[in-house]
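Structure, as structure tokens:
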Amino acid sequence: MNRTSNLPNLGLENRTVLITGAASGIGLAAVNLFMSHGACVIAFDMDEQGLEALRAARKDEALTTICGDVSKTEDWTRAVSLAEQDFGGLDALFNNAGITGPRASILSYPEAEFDRVMAVNVRGVFLGIQHAGLAMKARGKGAIVNTSSIVGFTGGRNINAYTASKHAVIGLTKAAAVELAAHNIRVNAVCPSPTATEMMFSLERELAPDNPGSIRAAFAANSPMNRYGEPEEVAEAALWLCSDAASYITGVSLPIDGGMVAR
């Protein structure tokens, strides 16, 4: 599905947005969308090759990249410092980076893998809220959007760490929204269902190497709209939540799921 955004101009011109998980999937779609609306972007990812490709595609535009690990405080310090150094401050954060971890029963789930998923998906989101929140507090306003998942509302078979982490992201979103409202900082979350990214494509290949399309059809059938979401559709929701069009919205965890959690 090739999709062109029909969003109106939402007033992101010259605002600085930090996007994590920016080299692929939803994060890459968000980089392109935010920049098309005039934002200056800090693209934060561990994938140096992906960042190189992004730099080449966006040469001479208002883009800065940082190769780093969202679970590490020092990398967040560098990322926020770049926003202030290159663009004069930080207006918004799309706290999007995440990993799925292995598929395994909770009775045999590897402890080290559990810790790894929680480090990226929960500690990374927490650090992002903390570091970006401090920068935004000094600026007098800001918007943070975290990426959770529809499994943040439910259970997910054999994806135990991922499910736990996405519930935690919703909890962090609500806690931060309540606290940071006093500083004119809004905090929301987007909660995608299966989305057409490499994360899902690799899962399809893992579950049915000879017929990955059958897995896609099975997941899509769980949605009343009978398809995967597109990365751009999630990015559009994040863009809107970061804009002044959502100026009285905070603490919300928004399903981007074609009606899946409504069933």
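Here, each number is a calculation from the coordinates, and none is a lab measurement. Since the structure is predicted, the reported quantities are computational estimates derived from the model, not experimental observations. For neighbour counting, all protein chains shown are included, and Cβ atoms are generated from backbone atoms with ideal geometry for every residue, glycine included.
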Around Gly156, what is the net charge, scoring Lys/Arg as +1 and Asp/Glu as -1 over all other residues with Cβ under 13 Å from its Cβ?
-> +3
Place a +1 charge on the Cβ of each Lys and Arg in the chain and a -1 charge on the Cβ of each Asp and Glu, then give the dipole magnitude about the Cα centre in debye, rounded to the nearest 20.
-> 640 debye
For the stretch 155-163, take each phi angle, set θ = phi - 60°, evaluate the Karplus expression 6.51 cos²θ - 1.76 cosθ + 1.60, and give the result in whole Hz per residue in order, putting x for glycine and proline.
-> x, x, 5, 6, 10, 5, 5, 4, 4
Among Ala238, Ala182, Ala218, which residue has its Cα positioned farthest towards the positive end of the charge dipole of the chain, with +1 placed on the Cβ of Lys and Arg, -1 on the Cβ of Asp and Glu, and the dipole taken about the Cα centre?
-> Ala182
Contact order relative to length for the stretch 1-91, counting C-alpha pairs under 8 Å separated by 6 or more residues, stands in percent at 28 percent
Calc'd 3J(HN,Hα), the stretch 213-218, phi into Karplus 6.51 cos²θ - 1.76 cosθ + 1.60 (θ = phi - 60°), Hz, glycine/Pro = x, comes to x, 5, 5, 4, 4, 5
Reduced to Cα centres, the span from the stretch 130-191 to the stretch 2-59 in Å works out to 20 Å
Built amide H within the under 5 Å cut-off of Leu93, gap 5+ | Leu18, Ala143, Ile144, Val145
Give the long-range amide H neighbours of Ile66: residues separated by 5 or more places, or on another chain, with amide H under 5 Å away, using H modelled in the peptide plane at 1.01 Å from N.
-> Ala43, Phe44, Asp45
Along the charge dipole of the stretch 16-262, Cβ charges K/R +1 and D/E -1, which of Gly142, Leu63, Gly88 sits furthest on the positive end?
-> Gly142
Tell me which residues come under 5 Å, amide H to amide H, from Ile99 once H is placed; ignore anything under 5 positions away on its chain.
-> Asn121
Fewest-first ranking of Cys242, Cys67, using other Cβ atoms within 10 Å as the exposure measure | Cys67, Cys242
Grab the DSSP H runs of the chain that are 4 residues or longer, score each as -39,500 (n - 2.57), total them, divide by all residues and round the 222 nm result to the nearest 500 deg cm²/dmol.
-> -13500 deg cm²/dmol
From the phi of every residue in the stretch 103-117, what ³J(HN,Hα) in whole Hz does the Karplus formula 6.51 cos²θ - 1.76 cosθ + 1.60 yield, where θ is phi - 60° and glycine or proline is x?
-> 9, 6, 4, 4, 6, 9, 5, x, 4, 5, 5, 4, 4, 5, 5
Taking the chain, the equivalent ellipsoid from its C-alpha gyration tensor has semi-axes in Å, biggest first, of 28, 20, 19
Which whole-number percent is the relative contact order of the chain (Cα, under 8 Å, 6+ apart)?
-> 20 percent
Output the peptides 73-86, 97-110 sorted from most to least packed, where packing is the average of other Cβ atoms within 10 Å over each peptide's residues.
-> 73-86, 97-110
